[in-house]
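K.L.:
Just dropping this structure here.
The values are calculated or read from the model by the stated rules, or taken from the named source; none is laboratory data. The shown structure was predicted, so the numbers you read here are calculated from the model rather than taken from an experiment. Virtual Cβ from ideal backbone geometry, glycine too; neighbours counted across all protein chains shown. Calculation scope for accessible area: heavy atoms of the full protein, side chains included, ligands and nucleic acids excluded. Shrake-Rupley method; radii C 1.70, N 1.55, O 1.52, S 1.80 Å.
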Amino acid sequence: MARERKPLAVALAVALLLGLCRGDVVQFIFGDSLSDVGNNNYLTKSLARAATPWYGIDFGRGMPNGRFCNGRTVADIVGDKMGLPRPPAFLDPSLDADTIFKNGVNYASGGGGILNETSSLFQTCCNGVAQLNRSNGVQIQRFSLYKQIELFQGTQAFMREKIGAAAADKFFGEGYYVVAMGANDFINNYLLPVYSDSWTYNGDTFVRYMVDTLEAQLRLLHALGARRLTFFGLGPMGCIPLQRYLTSSGGCQESTNKLARSFNAQAGALLARLSSSLPNATFRFGDAYDYFQDIIDRPYMHGFNNSRAPCCTLGRIRPTLTCTPLSTLCKDRSKYVFWDEYHPTDRANELIALETLRKLNITVVNNATSS
């Protein structure tokens, strides 16, 4: 067995060195349902899965693929525009050393949060992930950010075994890192009275708790080799259809949006501080909050005609927390800002991604729009 592994290790190491000399790098993505590309579909008892129609209707062959959208995620589009390959889900059974080397890995998980306790009560408990042998036997149904980082550490150990420590360290050091989390910590934790965090903290102290936790996590990623990292800030989460439905007026919940703005301000300051203090770190904050708010406030100015209701609904029944085969779709999906009660459409994601790239002053090298 050792003799069989050696040629593979040498071949991958040589290819790695040649690839990095050409500038070929990959992404490692950490996030929640806004970035999930299929991990939760392998967590068979999870309540947060995009495994049925009409998810993915405008992506590839139009079949569900784990994305909580009709098409692409913001992370998909940002990576595409930068000319980077799309990383597959960590739990994809076909994931191997060659795939990781060529494409990176996406660890994002619907329901995941910065805090370990986030979404713990709406996830069912069982052994769906244990049979996949990729969770160290932990029987959970969503990956928090700490869990995703733990899985990343396992990926590093796996690649070091395959291509050697020096080549693996170079590979991970040259990668792009995306972290996009935080909304669930509010929507599926602090704002629900069934969670102890909702009565343990007030808004200010909870945001501080989140940012302090995030700082420890980003420092850990740096210690593991992450040098180029972008954290995607929160959007106006008080304006998602579910939050609007919970108000008597149908308007945005300003108190929820205030929490998002407070988190963004502190997280942005954190990224700047880490970028200036950690060795060789380029840590950046991707902020599209104001632009997304303008899309919601003035949809017609951005090519939409509805920013209040989801495109995928179950007739007059609201809220429908997920899009199902029984759901009906809006006539023109490109005219709706939101796909379901939580997530934007492909078209909205594209505009948000382009604004994020503009504010980060990142040059677009690929203008293709295919899914």
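K.L.:
Any chance the range 291-305 includes a residue that's open to solvent by 40 Å² or more (accessible area, probe 1.4 Å), farther than 17 Å from CYS69 by Cβ and of a type in the set (Phe, Trp, Tyr)?
P.N.:
The answer is yes, given that some residue of the range 291-305 is open to solvent by 40 Å² or more (accessible area, probe 1.4 Å), farther than 17 Å from CYS69 by Cβ and of a type in the set (Phe, Trp, Tyr).
K.L.:
Among (1) modelled with pLDDT of 95 or more; (2) more than 28 Å from CYS323 (Cα to Cα); (3) hydrophobic (A, V, I, L, M, F, W, C), where does VAL78 come up short?
P.N.:
(2)
K.L.:
Still on this model: Is there any pair linking a residue in the range 92-104 that is under 15 Å from PHE171 (Cα atoms) to one that is small (Gly, Ala, Ser) and not in a helix (DSSP H, G or I), with Cβ under 8 Å and at least six apart or on different chains, and which?
P.N.:
GLY104/GLY175
K.L.:
Scan the range 72-79 and give yes if some residue there is crowded, with 24+ Cβ neighbours inside 10 Å, in a loop (DSSP other than H, G, I, E, B) and not polar (S, T, N, Q), otherwise no.
P.N.:
For the range 72-79, residues crowded, with 24+ Cβ neighbours inside 10 Å, in a loop (DSSP other than H, G, I, E, B) and not polar (S, T, N, Q): present.
K.L.:
Inspect the range 88-100 for any residue being out of contact with any Asp or Glu (no Cβ under 8 Å at 6 or more places or on another chain), part of a loop (DSSP other than H, G, I, E, B), over 30 Å from TYR336 (Cβ atoms) and of a type in the set (Gly, Ala, Ser) and give the result as yes or no.
P.N.:
Yes; the residues of the range 88-100 include at least one that is out of contact with any Asp or Glu (no Cβ under 8 Å at 6 or more places or on another chain), part of a loop (DSSP other than H, G, I, E, B), over 30 Å from TYR336 (Cβ atoms) and of a type in the set (Gly, Ala, Ser).
K.L.:
What number of residues within the range 306-321 satisfy the criterion of being at pLDDT 90 or above and open to solvent by 20 Å² or more (accessible area, probe 1.4 Å)? Show your work before the answer.
P.N.:
Here is the first cut: in the range 306-321, the residues at pLDDT 90 or above are 306-314.
Then drop every residue that is not open to solvent by 20 Å² or more (accessible area, probe 1.4 Å), which leaves 306, 308-309, 313-314.
Adding up the residues that qualify gives 5.
K.L.:
Filter the range 194-223 for residues that are part of a loop (DSSP other than H, G, I, E, B) and either buried (at least 17 other Cβ atoms within 10 Å of the Cβ) or modelled with pLDDT under 95 (or both) and give the result.
P.N.:
Filtering the range 194-223 for residues part of a loop (DSSP other than H, G, I, E, B) gives 194-196, 201-202.
Of everything in the range 194-223, those that are part of a loop (DSSP other than H, G, I, E, B) and either buried (at least 17 other Cβ atoms within 10 Å of the Cβ) or modelled with pLDDT under 95 (or both) turn out to be VAL194, TYR195.
K.L.:
Please name all residue pairs, on different chains or six or more residues apart, with Cβ atoms under 8 Å, provided the first residue is in the range 142-163 and is free of Cβ contacts under 8 Å to residues at least 40 places away in the same chain and the second residue is part of a helix (DSSP H, G or I) and open to solvent by less than 10 Å² (accessible area, probe 1.4 Å).
P.N.:
Matching pairs, first to second residue: ARG160/ALA168.
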